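S.K.: Sharing a structure here in structure tokens format.
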Amino acid sequence: MRINFFIFLKKTLFIIFLSSLLLPVTATAEKKLQTSIVNVIGAGRVCNNNISKSRKQAIANSLLSALDIVLSDIIERDSLIRNFEKLNKIFYKHTDQYITDYKVLAELSSGNRYIVMVQATVSTNKVKTKLANEGILLGKSPLPKILFLITEQNIYDSFPKYWWGRETTLLKSTAESIMAESMAGKGFYVINHAVGMPSLDEDAINYPMNLNDMEAVKIGTRLKADIVVIGSAVASKTINTMGSNIRAFKGIIDVRVLRTNTGAEIAATKKDALSVNSDEIKGAKKALANAGQLVAEELSTQIIAALQDKKKTEMLEVLVQGTENLSNFVMFRKALESMPGITNVQIKEMNSGEATIIVLFQGNAKELADALMLKTFVMFGININELSENYLKIKLIKS
């Protein structure tokens, strides 16, 4: 009877263990992927004994704090400071759009202040989507270092001018100056090629005006740029005039953006803009400056979007065989949970010698399989013997 009791206890504990693994995946994943719950304190000043108004103000202040905490966790602090005006318009004036729920945990009146402790639920999905749409980089990494490789031809230039090469005279064009200033204000680090030019090798100095991708990337790498902006800026007179001396001018800028580590194109745009002036030099420069401002805005958004992790989270089904050794299976599951791109792991079903796992992964099954092949397991190895778009079949092999 005593032996039967211990057998019963062992079976019961194993069932409890399996039950804890077989929790529903949807609710857990949804909460993890979509919301952040934060506890914050807010205060409101009591005026004319109006406690109700003070309480509302205290709650409103606490919700601002909750949103700020989530933003601080998503983007770097420098970006918060740099984009404070924009963030104020987008988020801080519209907390109700991003805070899905809140409850007051505690409250008290202290002197001329009313203080509340609030638990707020913030929709991180909405916050991240809005930040990405507004061209604000997610994550804690700094924005990339940019090198501009722009040729510029003004109305009185016989040929375009550019800064690289032996016979060049133009170190910084009108278009580049505007783009550089605008993008630096958004947090990009713009490389001063006038300082870096002496470090270019003989080949780079002899490159032609119209650079190909390889040449542009080589110059960018030499000057320690993460990305290069390559293209042209042209100013011209239009046919439109007013009176005897006022004329319209047009600036056109056409650029592409390349990564220096891969040579891949990550952004491209072409913008034109007009200006009106009686002074032809000033009018042409203003047209280029106006076009440069438009290009900088567009490029900033495209570059940041390219740097974001845009991979869709997929629900993958993984059949794991060879689970008779429970400790190996537990180790495999823990290793899976710690892998980059994995947001949730839950066991769907366990049978004799095998288990079906549901994995939420930022990528497809092939990408997960490739990542698993690079993992080293101490007590066992893996054999991926079946693969489709959202399904993997893996066998744990004894070392």
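The values are calculated or read from the model by the stated rules, or taken from the named source; none is laboratory data. Keep in mind the model is a prediction, meaning the values are calculated, not measured. All Cβ positions, glycine included, derive from the backbone under ideal geometry; neighbour counts span all protein chains shown.
S.K.: Please give the number of the condition THR262 fails out of (1) in contact (Cβ under 8 Å) with a residue 12 or more places away in the chain; (2) closer than 23 Å to ALA216 by Cα; (3) in contact with a helix residue (DSSP H, G or I) (Cβ under 9 Å, 6 or more places away or on another chain).
M.R.: Of (1) in contact (Cβ under 8 Å) with a residue 12 or more places away in the chain; (2) closer than 23 Å to ALA216 by Cα; (3) in contact with a helix residue (DSSP H, G or I) (Cβ under 9 Å, 6 or more places away or on another chain), only one is false for THR262: (1).
A quick yes/no check of all residues on (1) in the same structural domain as THR241 (by TED's automatic domain parsing); (2) in contact with a Pro (Cβ under 9 Å, 6 or more places away or on another chain); (3) not basic (Lys, Arg):
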site	(1), (2), (3)
GLU298	yes, no, yes
GLU317	no, no, yes
GLU349	no, no, yes
PHE361	no, no, yes
GLU367	no, no, yes
LEU372	no, no, yes
LYS375	no, no, no
ILE382	no, no, yes
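S.K.: Name the single residue that is farthest from THR174 (Cα to Cα) among those in region 249-298 being part of a loop (DSSP other than H, G, I, E, B) and either β-branched (Val, Ile, Thr) or at pLDDT 95 or above (or both).
M.R.: Step by step, filter region 249-298, then rank; the result is THR262.
S.K.: Does LYS348 meet the test of being modelled with pLDDT under 90 and within 20 Å of ASN364 (Cβ to Cβ)?
M.R.: Answer is yes for this residue.
S.K.: Here's another thing I want to ask about it. So, of the residues in region 364-391 that are touching an Asp or Glu at 6+ places or on another chain (Cβ under 7 Å) and not in a helix (DSSP H, G or I), which turns out to be surrounded by the fewest Cβ atoms within 10 Å (Cβ to Cβ)? Before the answer, list the steps.
M.R.: Pass one, region 364-391, residues touching an Asp or Glu at 6+ places or on another chain (Cβ under 7 Å): 364-365, 390-391.
Filter once more, keeping what is not in a helix (DSSP H, G or I): 364, 390-391.
Working: ASN364: 17, ASN390: 14, TYR391: 12.
So the residue we want is TYR391.
S.K.: So is TYR102 surrounded by 14 or more Cβ atoms within 10 Å (Cβ to Cβ) and farther than 29 Å from SER182 by Cα or not?
M.R.: It is true that TYR102 is surrounded by 14 or more Cβ atoms within 10 Å (Cβ to Cβ) and farther than 29 Å from SER182 by Cα.
S.K.: Still on this structure: Please go through region 343-366 and give me each residue that is hydrophobic (A, V, I, L, M, F, W, C) and farther than 14 Å from PHE332 by Cβ, ordered by number.
M.R.: Of everything in region 343-366, those that are hydrophobic (A, V, I, L, M, F, W, C) and farther than 14 Å from PHE332 by Cβ turn out to be ILE358, LEU360, PHE361, ALA365.
S.K.: Give me the pairs: first residue in region 193-221 and under 12 Å from GLY165 (Cα atoms), second residue at pLDDT below 80 and crowded, with 18+ Cβ neighbours inside 10 Å, beta-carbon distance under 7 Å, and six or more apart or on different chains, which are they?
M.R.: Matching pairs, first to second residue: ILE219/LEU200; ILE219/ALA204.
S.K.: Considering only region 182-196, state which residues are in contact with a Ser or Thr (Cβ under 7 Å, 6 or more places away or on another chain) and assigned to a loop (DSSP other than H, G, I, E, B).
M.R.: Within region 182-196, LYS186, GLY187 qualify.
S.K.: Using the structure shown, decide if GLU280 is surrounded by 15 or more Cβ atoms within 10 Å (Cβ to Cβ) and assigned by TED's automatic domain parsing to the domain that holds PRO208.
M.R.: yes
S.K.: Go through region 225-245 and count every residue that is in contact (Cβ under 8 Å) with a residue 40 or more places away in the chain and either in contact with a helix residue (DSSP H, G or I) (Cβ under 6 Å, 6 or more places away or on another chain) or among the aliphatic types (A, V, I, L, M) (or both).
M.R.: If we filter region 225-245 for residues that are in contact (Cβ under 8 Å) with a residue 40 or more places away in the chain, which is where we start, we get 225-237.
Next, only the ones that are either in contact with a helix residue (DSSP H, G or I) (Cβ under 6 Å, 6 or more places away or on another chain) or among the aliphatic types (A, V, I, L, M) (or both) stay: 225, 227-230, 233-235.
Qualifying residue count, region 225-245: 8.
S.K.: Applying the selection to region 243-264, what residues are surrounded by 13 or more Cβ atoms within 10 Å (Cβ to Cβ) and at positive phi?
M.R.: Correct list: GLY263 only.
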